[in-house]
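Peer 1: This is the structure I have questions about; it appears just below.
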């Protein structure tokens with residue numbers, strides 16, 4: 001169960017509305033790096049969390065709930081950036097950016113901005129919507145909830161890392177000081193969440209918890225290949241690095257390197273079956289056999 005507080009988690013103000021920046025902010029809402037993604041990812045990880053200790057479930061659900069607040073902040077920011085936007089969309093785009101003004105005299109102005117402004121106006125009444133900066137609806141295809149806590153933590157670090165990259169780019173693109181202030185808060189929370197998921201990984205055993213899942217008996221895998229770096233350079237060169245020399249990260253082996261060579265056979269499939277829609281020539285097991 002969840003409760004509503006009408007106040008935002010952090011202040012959101014806009015001194016100079018910018019419709020183009022509203023479009024950019026949409027990526028932080030419904031893009032693959034956005035807040036809808038991490039919100040749903042943490043919820044489904046939490047709802048499915050199993051184990052004797054509920055603290056990880058509680059932590060995931062608390063953080064997922066925080067992400068709802070981030071979606072609310074960004075949606076508010078989008079609406080405020082569109083608040084004084086002229087309803088003539090070409091005028092809006094041209095006045096907002098000299099580049100757009102120049103493009104408006106060309107052949108394809110909609111490819112730059114007008115399509116998203118139409119969506120903001122006609123689909124959502126100058127408000128945010130659950131899509132990325134190109135208007136592509138969020139489809140949940142980048143939500144990872146594996147049921148393995150360590151694997152989920154790795155996915156969460158990646159999600160918060162790409163989210164922080166996006167937030168930093170938006171911060172650098174912002175002209176309004178109030179938008180920079182809001183984004184600096186979101187960047188700080190991304191920093192915390194990265195550390196949070198890494199702390200859980202450490203609590204689970206850090207590198208010692210590798211490989212994931214650690215419940216599989218490694219004696220059943222081809223261990224001669226467990227810590228070998230395969231090089232595929234035609235010259236046989238192998239790039240030097242921590243990833244192919246020294247003890248493995250889980251301390252269970254040592255990295256080595258070798259040039260990759262084929263160890264399997266050339267695939268040879270049987271003839272096509274009658275009724276499969278193949279050519280008759282494909283159905284002959286032998287070239288001298290009468291075709292079916």
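Peer 1: Is there a residue being surrounded by 12 or more Cβ atoms within 10 Å (Cβ to Cβ) and either closer than 30 Å to residue 28 by Cβ or touching a helix residue (DSSP H, G or I) at 6+ places or on another chain (Cβ under 6 Å) (or both) anywhere in the stretch 217-227?
Peer 2: no
Peer 1: Further question on the same structure: Any residue that is farther than 27 Å from residue 146 by Cα and touching a residue at least 12 places away in the same chain (Cβ under 8 Å) - is there at least one of those in the stretch 214-230? Break it down stepwise before answering.
Peer 2: Applying the first criterion (farther than 27 Å from residue 146 by Cα) to the stretch 214-230 yields 224, 230.
Those still in the list that are touching a residue at least 12 places away in the same chain (Cβ under 8 Å) too: 230.
Yes: the stretch 214-230 contains one or more residues that are farther than 27 Å from residue 146 by Cα and touching a residue at least 12 places away in the same chain (Cβ under 8 Å).
Okay, residues lined up against (1) assigned to a helix (DSSP H, G or I); (2) more than 30 Å from residue 38 (Cβ to Cβ); (3) over 25 Å from the mean Cα position of the chain (by Cα):
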| site | (1), (2), (3) |
| --- | --- |
| 196 | yes, no, no |
| 202 | yes, no, no |
| 207 | yes, no, no |
| 212 | no, no, no |
| 215 | no, no, yes |
| 219 | yes, yes, yes |
| 229 | no, yes, yes |
| 233 | no, yes, yes |
| 239 | no, yes, yes |
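Peer 1: Yes or no: residue 7 free of Cβ contacts under 8 Å to residues at least 24 places away in the same chain and touching a helix residue (DSSP H, G or I) at 6+ places or on another chain (Cβ under 7 Å)?
Peer 2: no
Peer 1: Restricting attention to the stretch 137-159, which residues are out of contact with any helix residue (DSSP H, G or I) (no Cβ under 9 Å at 6 or more places or on another chain), more than 10 Å from residue 201 (Cα to Cα) and in a helix (DSSP H, G or I)?
Peer 2: Correct list: 158 only.
Peer 1: Ok, one more. Can you tell me which residues in the stretch 51-108 are under 26 Å from residue 130 (Cβ atoms), more than 23 Å from the chain's Cα centre (by Cα) and at pLDDT 90 or above?
Peer 2: Once the filter is applied, which keeps residues that are under 26 Å from residue 130 (Cβ atoms), more than 23 Å from the chain's Cα centre (by Cα) and at pLDDT 90 or above, the stretch 51-108 yields 79, 80, 81, 82.
Peer 1: Residues of the stretch 129-145 being exposed (fewer than 15 other Cβ atoms within 10 Å of the Cβ) and under 15 Å from the mean Cα position of the chain (by Cα), which ones?
Peer 2: 136, 137, 139, 140, 141
The values are calculated or read from the model by the stated rules, or taken from the named source; none is laboratory data. Since we're looking at a predicted model, the values are computed, not measured. Cβ sites come from the backbone with ideal geometry, for glycine too, and all protein chains shown count toward neighbours.
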